[in-house]
């Protein structure tokens, strides 16, 4: 099963600094990230538990210069915008595949899917989303490979391990966030589900029509988990 690797801003900044100083380190970091998506306990990563202030977290090697930390207990809050669930479910309804192929998608030969998916490339929007963008992001060559790869990105396997306060955003008309309620129900941490509607002008993907409304809701919510004292 592939894992979704989220790169923090601090990690990206640190990587850039190191690569500028040691250009050869770029290959080490990229290789570690690829290994991490496939097998978090690959011997080459030297994955291990941490102690002290980072107890409860895991770390692995990203070459000689960097470590990658997972399950960091210092994270004070999480904002899921939009709330998503298993990636395949977000595109499931639009896939012209027979049920017997969908049931064994993670093990199917990509060539079996080719005849069924050929028509999607003719749709201008889907061509951009799935082929021009999707294949590039995942480093794949065919739409069939992409669909199979999507079946391996599953939040359902890890959502119950999230422990920090979490805000899940759901926006009316945002198909990508259709799984927001599934994510919300799976969370065992302190959680809040915020709905953004067309009536308040905040519908669409990532509340794009009224982003200020989203900002207002999120920053107000952050006061509690971050223990912010408002100025009077």
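Quick notes
- Residue in region 68-88 that is farther than 24 Å from residue 151 by Cα, more than 19 Å from the chain's Cα centre (by Cα) and modelled with pLDDT of 70 or more present: yes
- Residue list for region 159-185, filter: surrounded by fewer than 17 Cβ atoms within 10 Å (Cβ to Cβ) and either closer than 20 Å to residue 218 by Cβ or touching a residue at least 40 places away in the same chain (Cβ under 8 Å) (or both): 161, 163, 164, 172, 173, 175, 176, 181
- For first residues located in region 208-224 and touching a residue at least 24 places away in the same chain (Cβ under 8 Å) and in the same structural domain as residue 196 (by TED's automatic domain parsing), partners that are surrounded by 12 or more Cβ atoms within 10 Å (Cβ to Cβ) and assigned to a helix (DSSP H, G or I) and lie 6+ apart or on another chain with Cβ distances below 6 Å form the pairs 214/207.
- Some residue of region 148-159 being closer than 30 Å to residue 227 by Cβ, outside any loop (DSSP other than H, G, I, E, B) and out of contact with any strand residue (DSSP E or B) (no Cβ under 6 Å at 6 or more places or on another chain): yes
- Qualifying residue in region 89-107 (condition: farther than 29 Å from residue 185 by Cα, in a helix (DSSP H, G or I) and out of contact with any strand residue (DSSP E or B) (no Cβ under 7 Å at 6 or more places or on another chain)): no
- Extreme residue, farthest from residue 179 (Cα to Cα), among residues of region 119-137 that are touching a helix residue (DSSP H, G or I) at 6+ places or on another chain (Cβ under 8 Å) and in contact (Cβ under 8 Å) with a residue 12 or more places away in the chain: 121
- Among the residues of region 208-224, those identified as over 22 Å from the mean Cα position of the chain (by Cα) and part of a loop (DSSP other than H, G, I, E, B) are 209, 210, 223, 224.
- Picking from residues in region 195-207 that are in contact (Cβ under 8 Å) with a residue 24 or more places away in the chain and either surrounded by fewer than 21 Cβ atoms within 10 Å (Cβ to Cβ) or in a helix (DSSP H, G or I) (or both), the one that is farthest from the chain's Cα centre (by Cα) is 198.
- Here residue 119 passes the criteria (1) assigned to a helix (DSSP H, G or I); (2) more than 23 Å from the chain's Cα centre (by Cα); (3) surrounded by 15 or more Cβ atoms within 10 Å (Cβ to Cβ) except the one numbered (3).
The values are calculated or read from the model by the stated rules, or taken from the named source; none is laboratory data. Since we're looking at a predicted model, the values are computed, not measured. Don't worry about glycine lacking a Cβ; one is built from the backbone with ideal geometry, like all the others, and counts go over all protein chains shown.
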